[in-house]
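To start, the structure itself, in structure tokens.
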Amino acid sequence: MRKSVNSFRSQVEYGRLLKLAGSHTALGAVLAEEAGFDGVWSSSLEVSAARALPDASLLTMTEYLEAAANMQKAIAVPVVADCDSGYGNNANAQHMVHEYEAAGITAISVEDKRFPKMNSFADRGDSLVSTADFCRKLETIKNAQSGSDFFVIARTEALINGRPMSEALERARAYKDFGADAILIHSKEKSNEQILDFLEGWQAQLPVVVVPTTYPDWADHEMADAGVSVVIYANQGLRATVTSLRSTYESILSNGNTVPLEDDLTPVKEIFALQGLPAWQALD
Ligand code: SPV
Ligand code: MG
């Protein structure tokens, strides 16, 4: 059954730390909502991995949008769509906003990398567009949105690309001036120190979004105290799924039956509940 969605902007304005879980399917999104996450990150890594393809702009905008829209249709908390670098030039980015907004997506993230992009952790560096070019893209995106609720996260890959903190801060300031609603500062360091330095230099000029994939020991309450507005657990669901499927399949083949697994398997009835089956059955 379709749900009405609370916009991401209304959640951010509420002021507490928002927690998003990465997903690539509506079922994953339902489980994230059920667990209590404030929203779902439609992750380009996850959506690509679900097709067993690299996160390297191989899929089209339409395919990423379909995944995000399928998730949004299934949940009432907002989907934040990872839109990579906007799927091309400024014209592509304008078209993207029209399509995502029309599909009911209330927030997107765009990053200051060239198209085609490569996943941040596989990136060999030197993939940034100029600050001026990305500002022009942000301006195009903000001019393209039709409702005031649509929320645009500008993501800088400056630190991922080995650029100095001064450049990350300069880019973030420029992105704010060209209409960004929040800044995602990404880092591949093993500790949160880079992010803490950024937060100190940034002085809360706009909400800050972080993705603690490589610095997992930073606790949510510490992020909130440090001034983070949104935390994205971008791919832990996908990685847990891979671990679980591997051990499940290995167990079935090595035991010759599913008996050792039965206690850990979600009952089919619960799958029906996640599908919303009782409400559908009540229709006829
Ligand atoms: C994603 O989940 O697709 C992201 C985060 O963009 S990262 O994989 O760290 O680039
Ligand atoms: Mg991505």
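Calculated FRET efficiency, ASP149 to ALA279, Cβ-Cβ distance, R0 = 30 Å: about 0.60 to the nearest 0.05.
Out of the DSSP beta bridges found with both residues in region 1-154, what percent are antiparallel (nearest 5)? Each step should come with its number before you reach the end.
On the way: 1 of 15 bridges.
Around 5 percent of the beta bridges assigned by DSSP in region 1-154 are antiparallel ones.
The GLU99 and ASN257 beta-carbon pair, evaluated with R₀ = 41 Å, returns a calculated FRET efficiency of approximately 0.30. The gain in end-to-end length when the PHE272 to THR248 segment is fully stretched comes to 6.6 nm, 0.36 nm per residue minus the alpha carbon separation. Figure legend: label point modelled 7 angstrom from the Cα of GLN236 along Cα→Cβ; residues of region 169-213 with amide N under 20 Å from it are 184-196, 208-213.
Can you order the peptides 81-94, 7-20 by their average number of other Cβ atoms within 10 Å per residue, highest first?
On the way: 81-94: 21.2, 7-20: 17.4.
Order by mean packing, descending: 81-94, 7-20.
In a simple Cβ point-charge model (Lys, Arg +1; Asp, Glu -1; nothing else charged), region 12-144 has a dipole of about 140 debye relative to its Cα centre. The angle between the Cα long axis of helix 131-144 and the longest principal axis of the Cα atoms of the chain comes to about 60 degrees, rounded to the nearest 10. Paramagnetic label reach from ASN92 (point 7 Å along Cα→Cβ; backbone nitrogen cut-off under 17 Å): within region 36-63, residues 44-45, 48, 54-63. By DSSP, the beta bridges lying fully in the chain are antiparallel in about 5 percent of cases.
If you plug the beta carbon distance of LEU196 and ARG16 into 1/(1 + (r/R0)^6) with R0 = 25 Å, you get a FRET efficiency near 0.80.
Quick check on packing: order 110-120, 235-245, 152-162 by the mean number of other C-beta atoms within 10 Å, highest mean leading. Numbers along the way, then the final one.
On the way: 110-120: 19.5, 235-245: 14.7, 152-162: 22.9.
By packing density, highest mean first, the sequence is 152-162, 110-120, 235-245.
The reciprocal of the average 1/r between distinct C-alpha atoms defines the Kirkwood hydrodynamic radius, which for the chain equals 19.7 Å.
Coordinate-derived values only; no laboratory data. Note that the structure is a prediction, hence the values are computed from the model and not measured. Every residue, glycine among them, receives a Cβ derived from its backbone with ideal geometry; neighbour counts consider all protein chains shown.
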